[in-house]
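S.K.: This is the structure I have questions about; it appears just below.
Values in this text are rule-based calculations from the coordinates and carry no lab data. Source: prediction; values computed, not measured. Note: ideal-geometry Cβ built from the backbone for every residue, glycine included; neighbour counts use all protein chains shown.
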Amino acid sequence: MSELKLFNSLTRQLETFTPEHAGEARVYTCGPTVYNYPHIGNMRAYVFADTLGRVLSYKGYKLTHVINITDVGHLTDDADAGEDKMEKMAAEKAQSIWDIARHYTEAYWADIKALNIRQPAHWSIATDYVPAMIAYATSIADKHCYELDSGLYFDTSTVAHYGALARAKTEDGEGRIEQVDGKRNAADFAIWRKTPKGETRQMEWDSPWGKGAPGWHLECSVMSEALLGLPFDIHTGGIDHREIHHPNEIAQNQARCGSDHSGAHFWMHNNFLIERSGKMSKSSGEFLRVQLLIDKGFHPLAYRLMCLQAHYRSELEFSWEGLQAALVRLKRMVMGVSNLKVRHAELASPPVTDVQGDVAPAIAATLRDFGAAVEDDLNTAIALTSLETLIGLKKVDVAQQLAAVAEMDAVLGINLMALSRTDLRTRPKNAIITEDKIETALAARKEARAAKDFAKSDTIRDDLIAKGVEVMDGDPLGWDWKLDI
Ligand code: AMP
Ligand code: ZN
């Protein structure tokens, strides 16, 4: 196999992946702030990180993946302005932060499962690391920090090339950084936020700088170092993190390493999922969550497929039509694979194992194209077409063909080997008719047609239509009905 090329945001170039530790890949992904449900844009970041991890496994690296859960420190503004998102939500809901964190972490994990995202080696919870954060901050405080009434601040002028990742001018802060009285440089950031006098926070810890809570950027530096060691291989996050959060992590890592090293060899960023009507805003009533897609009758893996159809570095515009098209594509693939499974069973072919031995040239060609695509900075859009070509091959050994499908699916994670046609028939929450009733009506309609009682057959169909069921006579994919979604 050839080299794996990945786009490094640090150099804005494709670079060959060479691990820090032979045979291993260590990856850190900035996780969600669990003050609310993740929207589907957030989940794009984890589909991307998961696909990266799967490609690294496919390339034979032993993967150690860490995703953190931010349950403290993330303010309503990425700079040092606003309130702690967790404190704010807890006050709004009159609940404890711990309950809020538990509820939304579980909701996030449900989405992780629904999108077939593999479990990382560690889910690191920020509040478990507060003593480690205090120790870390203490170790860099003398050389790199200064204290103000509001907290301990990192002096960004003490490290070389601050902000190189963002490629932003930092002198004037470009209006992005809230001025705090006494800050030495506009880009300086709080690594410890003192609880203002006379106030108490639900979450506060004693520290050498007084009672307070850690700044958000500190946690990722501390947890990545603790769980992966510095330098590690790849740090991922959404493209917004390239501007403030990751430059600040890098500054802390530099302070810690005493070198020019950013802490990770690659910094990789997924571009945004965009939605023009504002439904992705967590403050909009019915905002776009994975559960909403399911409630509307879309299998969640149709959304994963939608993400994979675009390159992770491109913006992806969400639309229901786009999601519908992805669902149809998924159905086609699932049906193709089901047919292969039927043929495999009928032919009593050898069991499906790994792809090995003399593989038919046509299968080998699709595997080669697939490999080349994913090695080219995770070009999943092209990889999907290789998978479809493979599924469509005729006159090749079907056991080998299925083995190759399984190999590709292990990388793309659309769960093709396990999904059945009926799994894809997700029931919209507001559907007024059950599957059993539909099947019974369709059987009665079939009988009526066989008896040439077309009036009765039409009445049954019209009745089904009135209940939101489309009867699909002669559907090329072999579906006999679908619910309107
Ligand atoms: P947060 O919970 O706000 O820290 O965000 C979790 C992850 O989602 C981060 O990696 C963000 O960069 C990423 N993210 C936020 N909005 C979007 C979006 N619209 N599309 C893709 N990724 C996003
Ligand atoms: Zn982070």
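S.K.: Please report the antiparallel percentage of DSSP beta bridges with both residues in the chain, rounded to the nearest 5.
M.R.: Of those bridges, close to 45 percent are antiparallel.
S.K.: Listing 192, 209 from the residue with the fewest other Cβ atoms within 10 Å to the one with the most, what is the order? Mind showing how you got there, number by number?
M.R.: On the way: 192 27, 209 19.
Neighbour counts put them in this order, fewest first: 209, 192.
S.K.: Moving to a separate point now. List the residue ranges in the chain for DSSP H helices whose C-alpha atoms run 15 angstrom or more along the long axis and whose Kyte-Doolittle average is 1.0 or above. Don't skip to the end; give the middle numbers.
M.R.: Numbers: long enough: 40-58 (26 Å, 0.42); 97-114 (25 Å, -0.36); 130-144 (21 Å, 0.49); 216-228 (19 Å, 0.70); 245-257 (18 Å, -1.49); 320-346 (39 Å, 0.01); 361-375 (21 Å, 0.67); 380-392 (18 Å, 1.32); 398-412 (21 Å, 1.14); 435-450 (22 Å, -0.89); 454-466 (18 Å, -0.09).
Qualifying helices: 380-392, 398-412.
S.K.: Then there's this: Counting only Cα, what are the radius of gyration and maximum Cα-Cα distance Dmax of region 269-321, in Å?
M.R.: Computed over the Cα atoms of region 269-321, radius of gyration and Dmax are 11.4, 30 Å.
S.K.: Continuing with this model, one more query. Please report the antiparallel percentage of the DSSP beta bridges confined to region 17-96, to the nearest 5.
M.R.: Working: 1 of 8 bridges.
In region 17-96, DSSP labels about 10 percent of beta bridges as antiparallel.
S.K.: Along the three principal axes, how long is region 5-274 when you take its alpha carbons, biggest first, rounded to the nearest angstrom?
M.R.: Extents along the principal axes, in whole Å: 55, 43, 34.
S.K.: Hey, another quick one. Between residue 267 and residues 5 or more places away or on another chain, which pairs have amide H atoms under 5 Å apart, with H built 1.01 Å from N, and which residues are they?
M.R.: 9, 10, 235
S.K.: Find out how many positive minus negative residues lie around residue 83, taking Lys and Arg as positive, Asp and Glu as negative, among other residues whose Cβ is under 11 Å from that of residue 83.
M.R.: Spelling it out: positives minus negatives among the neighbours equals 0.
S.K.: So, one more: What value does region 302-368 have for Rg/Rh, both radii from Cα atoms and Rh as Kirkwood defines it?
M.R.: My calculation of the ratio gives 1.11.
S.K.: Could you let me know the centre-to-centre spacing of region 303-333 and region 439-485, using Cα atoms, in angstrom?
M.R.: Between the Cα centre of region 303-333 and that of region 439-485, the gap is 29 Å.
S.K.: Report the convex hull volume per residue for region 171-269, counting only C-alpha atoms, in Å³.
M.R.: 140 Å³
S.K.: Using a basic spin-label model with each label point 7 Å from the Cα along Cα→Cβ, how many nm lie between residue 315 and residue 14?
M.R.: Distance between label points: 2.4 nm.
S.K.: Just to be sure I understand: if I project the alpha-carbon convex hull of the chain onto a plane and average over all orientations, what area do I get in nm²?
M.R.: 26.4 nm²
S.K.: For residue 446, list the lysines whose Cα falls under 26 Å from its own Cα; do not include residues on the same chain fewer than 8 positions away.
M.R.: Result set, ordered by chain and number: 331, 437, 456, 467, 482.
S.K.: Please compute the Cα-Cα pair-distance distribution of region 38-143 with 5 Å bins starting at 0, giving whole percents from short to long.
M.R.: Each 5 Å bin holds this share of Cα pairs: 2, 10, 15, 19, 19, 15, 11, 6, 2, 0.
S.K.: Within a Cβ distance under 15 Å of residue 371, other residues only, what is the Lys/Arg minus Asp/Glu net charge?
M.R.: With Lys, Arg at +1 and Asp, Glu at -1, the neighbours total -4.
S.K.: With the calculation restricted to Cα positions, what are the radius of gyration and Dmax of region 357-397 in angstrom?
M.R.: So, for region 357-397, Rg and Dmax equal 10.5, 32 Å respectively.
S.K.: Could I ask something else about it? Checking a compactness column here: for region 296-412, what do you get for Rg(Cα) / (2.2 N^0.38 Å), N being the number of residues?
M.R.: Normalised Cα radius of gyration, region 296-412: 1.12.
S.K.: What are the lysines whose alpha-carbon lies under 16 Å from the alpha-carbon of residue 282, with same-chain residues fewer than 8 places away excluded?
M.R.: Cα-Cα hits under 16 Å: 85, 88, 93.
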